[in-house]
Amino acid sequence: MKFAVIVFPGSNCDVDMYHAIKDALGEEVEYVWHSTDNLDQYDGILLPGGFSYGDYLRSGAIARFSNVMAEVVKAAQAGKPVLGVCNGFQILLEAGLLPGAMRRNEGLKFICRNVGLKVENNQSMFTTGYELNETITIPVAHGEGNYYCDNETLAELKRNNRILFTYDGENPNGSLEQIAGITNEQGNVLGMMPHPERAVDSLLGSKDGLKIFQSIVKNWRESHVITA
């Protein structure tokens with residue numbers, strides 16, 4: 001499986017994402033600059049964290065208009081797995097690939113620490129490696145991670161099991177219903193504020209994030225690899 005790590009001006013977690021795929025997961029991966037206008041050669045699309053375009057206007061608001069985003073939308077519509085982490089999640093929201101919006105953290109401070117997450121749905125292409133209701137440890141690092149959506153959207157997210165992760169116990173940023181990660185209706189686009197790419201090795205304090213990437217690869221192989 002071949003992954004693309006999309007790099008915007010201001011991305012700063014692209015190297016972490018690349019390391020997670022190449023060294024921890026053992027799959028093929030390339031950096032792809034934001035001006036790229038073709039992602040056909042890639043099987044999975046990864047939007048890393050950082051401060052794309054300096055977070056001017058709003059986090060992700062300018063990156064959403066980069067050339068590559070038309071291709072990200074195309075990949076999502078084709079059913080390819082698309083994962084947006086932190087600023088990547090914000091970009092997916094601005095692009096309309098996921099519903100809702102991000103607000104400043106409730107305490108108006110940047111948060112950088114490990115948090116507990118609860119796996120709310122283990123039947124998605126991103127979470128089959130986990131047990132339902134399993135608690136995992138993943139770091140967060142953001143100033144605008146306070147997820148919000150209207151009541152109708154929230155009801156739809158719940159009704160269709162599109163909330164994959166919630167914060168377990170403490171709500172670090174004030175997110176509605178403790179939401180930490182959601183998918184699109186089709187189930188192939190995941191946006192999450194915590195950084196699974198920073199939790200792929202026990203030397204880093206946790207390897208709980210690796211199962212997200214392993215789940216993606218497992219799903220892809222089951223869908224694309226034919227055995228006699």
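The values are calculated or read from the model by the stated rules, or taken from the named source; none is laboratory data. What you see is a predicted model; the values in this text were computed from it and never measured. Please note: Cβ atoms are built from the backbone with ideal geometry, for glycine as well, and neighbour counts cover all protein chains shown. In case anyone asks, the SASA skips ligands and DNA or RNA and just uses the protein heavy atoms, side chains included. Shrake-Rupley method; radii C 1.70, N 1.55, O 1.52, S 1.80 Å.
So the values come out like this:
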item	result
Theoretical gain in end-to-end length, Asn151 to Asn133 [0.36 nm per residue, Cα-Cα removed]	4.1 nm
Selection of GluC sites (Glu not before Pro), segment 112-155, meeting DSSP coil and at most 12 other Cβ within 10 Å	Glu131
Charge sum, other residues only, whose C-beta stays under 14 Å from Glu197's C-beta, Lys/Arg counted +1 and Asp/Glu -1	-2
Rel. contact order, % - alpha carbon contacts under 8 angstrom, at least six apart, segment 32-129	27
GNM flexibility winner over the chain from Ala141, Ala180, Ala63 (Cα, springs under 10 Å)	Ala141
Distance between modelled label sites at Phe65 and Asp40, nm, 7 Å Cα→Cβ extension	2.8
Where trypsin sites (Lys or Arg not before Pro) fall in DSSP loop in segment 76-127, at most 16 other Cβ within 10 Å	Arg104, Lys109
Convex hull of segment 24-134 built on C-alpha atoms - directionally averaged projected area, nm²	8.5
Cut-off 15 Å between beta-carbons: net charge of the residues surrounding Val225, Lys and Arg +1, Asp and Glu -1	-1
Rounded if a/c under 1.5, otherwise prolate or oblate - segment 138-228, Cα gyration tensor axes	oblate
Net charge over other residues, Cβ less than 10 angstrom from the Cβ of Thr135 (K, R count +1; D, E count -1)	-3
With at most 16 other Cβ atoms within 10 Å, longest stretch of the chain clear of loop chymotrypsin sites (Phe, Trp or Tyr not before Pro) (DSSP)	111-228
Most mobile of Leu108, Leu176, Leu92 in a GNM of the chain (Cα contacts under 10 Å)	Leu108
Residue-normalised accessible area of segment 1-224, given per residue in Å² at a 1.4 Å probe	43
Relative contact order [Cα under 8 Å, 6+ residues apart], the chain, whole percent	20
Protein accessible area in the chain, 1.4 Å probe - carbon and sulfur %	47
Within segment 92-130, backbone nitrogen closer than 17 Å to the virtual label 7 Å beyond the Cα of Arg159 toward Cβ	99-100
Ellipticity estimate at 222 nm from DSSP helix runs (n ≥ 4, -39,500 (n - 2.57)) divided over the chain, nearest 500	-6500 deg cm²/dmol
Contour minus Cα-Cα distance for Asn114 and Leu203 (0.36 nm per residue)	30.7 nm
Distance (nanometres) between label positions extended 7 Å along Cα→Cβ at Ala101 and Lys2	3.9
Chain lengthening between Leu57 and Lys74 when straightened (0.36 nm per residue, less Cα-Cα)	3.6 nm
